[in-house]
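Below is one structure, written out as structure tokens, with a few remarks after it.
The values are calculated or read from the model by the stated rules, or taken from the named source; none is laboratory data. Since the model is a prediction, treat every value here as computed from it, not as a measurement. No Cβ is skipped: glycine too gets one built from the backbone with ideal geometry, and neighbour counts run over all protein chains shown.
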Amino acid sequence: MVNKSLKITSNIYNLLLSLGAFYTGITMLSGKGVFASFPDEWMGKVPFNNWASLAVFAIILFGFGNAAVSIYGFIKKEANLFLFTIIMGTIFLGCNLIQLILLKEWYLATVEFMLFSFVQLLLGSLGFITNNSNQA
């Protein structure tokens, strides 16, 4: 019972992260508001030189990646969902750590994204551990 509710929670969370990545990516592509101009101080520090390239990266990796994990979890009855959730959480956390190393600055979004990645890692880890203990 715990594993099933954890699987549903993980699927929904991955879906919400996917929708958030698509929304943020599309907002970046619009070039409005905070995304009107790319920060000059980031030039040469990050591998992107405009919001569009960063948006495409976010949409492909986090939008489609989390959507694929969520869809896989809803369709398949296998426990690989938790492993894939851990992988996506690790990638999310890794991207945040790389941003911190490259820019040497903390932003409000960085803190929020790190929290989101920790929750994703926690859900995947709990599901993976409970699934393995149920099989033993």
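Could you list, in sequence order, all residues of region 111-121 that are surrounded by 15 or more Cβ atoms within 10 Å (Cβ to Cβ) and aromatic (Phe, Trp, Tyr)?
Selection gives Phe113, Phe116.
Of all the residues that make up region 101-110, how many are assigned to a helix (DSSP H, G or I), surrounded by 11 or more Cβ atoms within 10 Å (Cβ to Cβ) and either basic (Lys, Arg) or out of contact with any Phe, Trp or Tyr (no Cβ under 9 Å at 6 or more places or on another chain) (or both)?
2
What about Gly124, is it under 13 Å from the mean Cα position of the chain (by Cα), of a type outside the set (Phe, Trp, Tyr) and surrounded by 14 or more Cβ atoms within 10 Å (Cβ to Cβ)?
Yes: the conditions hold for Gly124.
Pairs, please: C-beta under 7 Å, at least 6 apart or cross-chain, first residue free of Cβ contacts under 8 Å to residues at least 60 places away in the same chain and surrounded by 15 or more Cβ atoms within 10 Å (Cβ to Cβ) and in region 29-56, second among the small types (Gly, Ala, Ser) and not in a loop (DSSP other than H, G, I, E, B)?
Leu29/Ala52; Leu29/Ala55; Ala55/Gly25
From the list Phe57, Phe48, exactly one residue is out of contact with any Ser or Thr (no Cβ under 9 Å at 6 or more places or on another chain), assigned to a loop (DSSP other than H, G, I, E, B) and under 16 Å from Gly25 (Cβ atoms). Which is it?
Answer to the check: Phe48.
Scan region 1-21 and report the pairs whose first residue is modelled with pLDDT under 95 and whose second residue is part of a helix (DSSP H, G or I) and among the acidic types (Asp, Glu), with Cβ atoms within less than 9 Å and a gap of 6+ or a chain change.
No pair meets every condition.
When the residues of region 67-100 are narrowed to those that are surrounded by 13 or more Cβ atoms within 10 Å (Cβ to Cβ) and among the β-branched types (Val, Ile, Thr), which ends up nearest to Trp42 (Cα to Cα)?
Top of the filtered list is Ile91.
Condition first: more than 17 Å from the chain's Cα centre (by Cα), assigned to a helix (DSSP H, G or I) and not polar (S, T, N, Q). Now tell me which residues in region 9-33 satisfy that.
If the condition is that a residue be more than 17 Å from the chain's Cα centre (by Cα), assigned to a helix (DSSP H, G or I) and not polar (S, T, N, Q), then Leu29, Gly33 are the ones that fit.
Give the residues of region 102-136 that are more than 24 Å from Gly63 (Cβ to Cβ) and out of contact with any Leu (no Cβ under 8 Å at 6 or more places or on another chain), sorted by residue number.
Lys104, Glu105, Ile129, Asn131, Asn132, Ser133, Asn134, Gln135, Ala136
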